[in-house]
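Everything on this sheet refers to the single structure shown next.
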Amino acid sequence: MSGKIDTPQAIRGTQDIFGAEAEAFAHVVETFERVRKLYRFRRVETPVFEKTAVFSRSLGETTDVVSKEMYSFEDRGGESLTLRPEFTAGLARAYITDGWKQYAPLKIATHGPLFRYERPQKGRYRQFHQIDAEVIGAAEPQADVELLVMADQLLNELGIAEGVTLQLNTLGDGDSREAWRSALVEYFRDHVISLSEDSQDRLERNPLRILDSKDPRDRPFVADAPKIDQFLSGEAQDFFGAVTSGLDAAGVRWNRMDSLVRGLDYYRHTAFEFVTDRLGAQGTVLGGGRYDGLMEALGGPMTPAVGWAAGIERLAMLVGEREEPVTDVIVVVEDDAAMAEGVAAVSRLRRSGTSAELFASGSPRKRFDKAVKQGAKAILAYSIREGEVASRIKAEDNLADRIEAALAD
RNA sequence: GCGACCGUAGCUCAGUUGGUUAGAGCGCCGGUUUGUGGUACCGGAGGUCGGGGGUUCGAGACCCCUCGGUCGCCCCA
């Protein structure tokens, strides 16, 4: 009896993933690993925590992520550290501090946990997991296209492309984006009293966000708001044109979504999201864009880059629960006098590459039934007949032969 | 940070307008039965009813606080 010691609870918004859900999670990661190798993206690992400045400088001080969602703390040396809320900033830091410029253009992929202090809900956790792909040091629209085509292939290989659509936009280069932003602020300021409270607040913090407000009060003004297209430079238009024609050439379907903006300050030019209506309020399955200004914000050389990230939990929800694979062989010891034979057999089977489990505890009479009930491709039972250890295999012939061979080694 | 709903055995749940020692199914453990076999029966372990306070003669049921879950808002993957 554990008595009066109360068990510490798991941290809010964290999850213990098990069984069919864990299989779905693993399937997403395995599929990503396979696809990323097809596109020759190199695997990298970076720390789950960084100096706080890595994120605050990259994402923008006024973004929600930086202003209220970071898990920041001081270490024993008094340094402010932060559990990574996203991958890109840390990867950019690594690119600069580890001299990865020598490998540019560099295609990299990673996956792992991220942390954001948010109210948990469907598809949103405080510790969540993403897969991530970046192309750093490539200014060409072909890099954007390659990334998008890879994302599209991933969703197809996961079997969840149905009902997921690619929404694509351009934010233009830095100057285009600024001009557009100023025009939006000016426009919305004229209607500020009619906007929702949230959007009035956004006008100060993040005016682009008003464009994808869900509030019906904002809709009419959003419809007539200045469009990015009016502010795009010639180069920005050409760039976006090259991305869309590349997608068309690769056979990837997309929708122009001129109200699509991304939350973080570092985005330029291409911005995109793969969205679905099958995940409740969290429609975005995979999102990203080009962040040509980020490296400089971190004190590095001007370095063009593009990338995306996708939530593993969200992808796994779309994949659905996956069956855990059935055991090849269950070895049943029906009499403890045959224990040594059972232990030997299960060891040999596993060494031969056959998955095997040993059922040798609890009531001897019920062990075989438990094996039948759990299910296995074959059951190998050891019992005592007339004082001798006797074995019996219940399996299809070809598998029975394989078991015999493994045991004979 | 805001809102709504929810919280009874390991799991899924029941528990009548507040009324004795809180139940079922599944699972688990043991026994009997069957014996090339996923049977049936019997028995057992396991709950301070998320936690704390309050109302009441009496609270799993009502009230407050708190923690957690779920789903929205916000934000995002």
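For the stretch A:173-185, state whether one or more residues are within 21 Å of residue A:274 (Cβ to Cβ) and either within 11 Å of RNA strand B (Cβ to nearest atom) or in contact (Cβ under 8 Å) with a residue 60 or more places away in the chain (or both). Step through it out loud before you land on a result.
Applying the first criterion (within 21 Å of residue A:274 (Cβ to Cβ)) to the stretch A:173-185 yields none.
No, the conditions are met nowhere in the stretch A:173-185.
Looking only at the stretch A:321-332, count every residue that is open to solvent by less than 70 Å² (accessible area, probe 1.4 Å) and more than 14 Å from RNA strand B (Cβ to nearest atom) and tell me the total.
Pass one, the stretch A:321-332, residues open to solvent by less than 70 Å² (accessible area, probe 1.4 Å): A:327-332.
From what's left, more than 14 Å from RNA strand B (Cβ to nearest atom): A:328.
Summing the residues that are open to solvent by less than 70 Å² (accessible area, probe 1.4 Å) and more than 14 Å from RNA strand B (Cβ to nearest atom) in the stretch A:321-332 gives 1.
For residue A:30, only one of the following conditions fails: (1) more than 19 Å from the chain's Cα centre (by Cα); (2) more than 12 Å from RNA strand B (Cβ to nearest atom). What is its number?
Failed condition: (1).
Output the residues belonging to the stretch A:100-121 that are away from RNA strand B (no atom under 11 Å from the Cβ) and either within 15 Å of the chain's Cα centre (by Cα) or on the phi > 0 side of the Ramachandran plot (or both).
Pass one, the stretch A:100-121, residues away from RNA strand B (no atom under 11 Å from the Cβ): A:100-112.
Of everything in the stretch A:100-121, those that are away from RNA strand B (no atom under 11 Å from the Cβ) and either within 15 Å of the chain's Cα centre (by Cα) or on the phi > 0 side of the Ramachandran plot (or both) turn out to be A:108, A:109, A:110, A:111, A:112.
Looking only at the stretch A:365-389, which residues are more than 8 Å from RNA strand B (Cβ to nearest atom) and not in a helix (DSSP H, G or I)?
A:376, A:377, A:378, A:380, A:382, A:384, A:385, A:386, A:387, A:388, A:389, listed by residue number.
Of all residues in the stretch A:75-99 being of a type in the set (D, E, K, R) and within 16 Å of RNA strand B (Cβ to nearest atom), which is nearest to residue A:310 (Cα to Cα)?
Keep residues of the stretch A:75-99 that are of a type in the set (D, E, K, R), which gives A:75-76, A:79, A:84, A:86, A:93, A:98.
Now narrow it down to the ones that are within 16 Å of RNA strand B (Cβ to nearest atom): A:84, A:86.
Working: A:84: 15, A:86: 11 Å.
Once the filter is applied, the top-ranked residue is A:86.
Among (1) free of Cβ contacts under 8 Å to residues at least 60 places away in the same chain; (2) under 17 Å from residue A:328 (Cβ atoms); (3) open to solvent by 70 Å² or more (accessible area, probe 1.4 Å); (4) not small (Gly, Ala, Ser), which single condition is residue A:348 missing?
The failed condition is (1).
Is it true that residue A:234 is surrounded by 17 or more Cβ atoms within 10 Å (Cβ to Cβ) and closer than 30 Å to residue A:101 by Cβ? Outline the logic, then answer.
Numbers: surrounded by 17 or more Cβ atoms within 10 Å (Cβ to Cβ): no; closer than 30 Å to residue A:101 by Cβ: yes.
No; evaluated as a whole, the condition is false for this residue.
Only one of A:343, A:331 is closer than 14 Å to residue A:378 by Cβ and touching a strand residue (DSSP E or B) at 6+ places or on another chain (Cβ under 9 Å); which?
None of the others qualify; the one that does is A:331.
Just for helices (runs of 4 or more DSSP H) wholly inside the stretch A:196-315: which have at least 1 residues that are among the acidic types (Asp, Glu) and near RNA strand B (Cβ under 8 Å from one of its atoms)? Full working, then the answer.
On the way: elements: A:197-205, A:219-223, A:234-250, A:294-297.
Qualifying helices (runs of 4 or more DSSP H): A:197-205.
For residue A:361, state whether it is polar (S, T, N, Q), more than 12 Å from RNA strand B (Cβ to nearest atom), open to solvent by 50 Å² or more (accessible area, probe 1.4 Å) and touching a Lys or Arg at 6+ places or on another chain (Cβ under 9 Å).
On the way: polar (S, T, N, Q): yes; more than 12 Å from RNA strand B (Cβ to nearest atom): no; open to solvent by 50 Å² or more (accessible area, probe 1.4 Å): yes; touching a Lys or Arg at 6+ places or on another chain (Cβ under 9 Å): yes.
Spelling it out, it is not the case that residue A:361 is polar (S, T, N, Q), more than 12 Å from RNA strand B (Cβ to nearest atom), open to solvent by 50 Å² or more (accessible area, probe 1.4 Å) and touching a Lys or Arg at 6+ places or on another chain (Cβ under 9 Å).
Among the residues of the stretch A:52-66 satisfying the criterion of being out of contact with any Ser or Thr (no Cβ under 6 Å at 6 or more places or on another chain) and of a type in the set (A, V, I, L, M, F, W, C), which is nearest to RNA strand B (Cβ to nearest atom)?
Just the residues of the stretch A:52-66 that are out of contact with any Ser or Thr (no Cβ under 6 Å at 6 or more places or on another chain), to begin with: A:53-54, A:56-65.
Now narrow it down to the ones that are of a type in the set (A, V, I, L, M, F, W, C): A:53-54, A:59, A:65.
Numbers: A:53: 19, A:54: 16, A:59: 9, A:65: 6 Å.
This residue is A:65.
The values are calculated or read from the model by the stated rules, or taken from the named source; none is laboratory data. Owing to the predicted nature of the structure, the values given are computational and were not obtained by experimental measurement. Virtual Cβ from ideal backbone geometry, glycine too; neighbours counted across all protein chains shown. Keep in mind that these areas ignore ligands, DNA and RNA; they rest on the heavy atoms of the full protein, side chains included. Shrake-Rupley method; radii C 1.70, N 1.55, O 1.52, S 1.80 Å.
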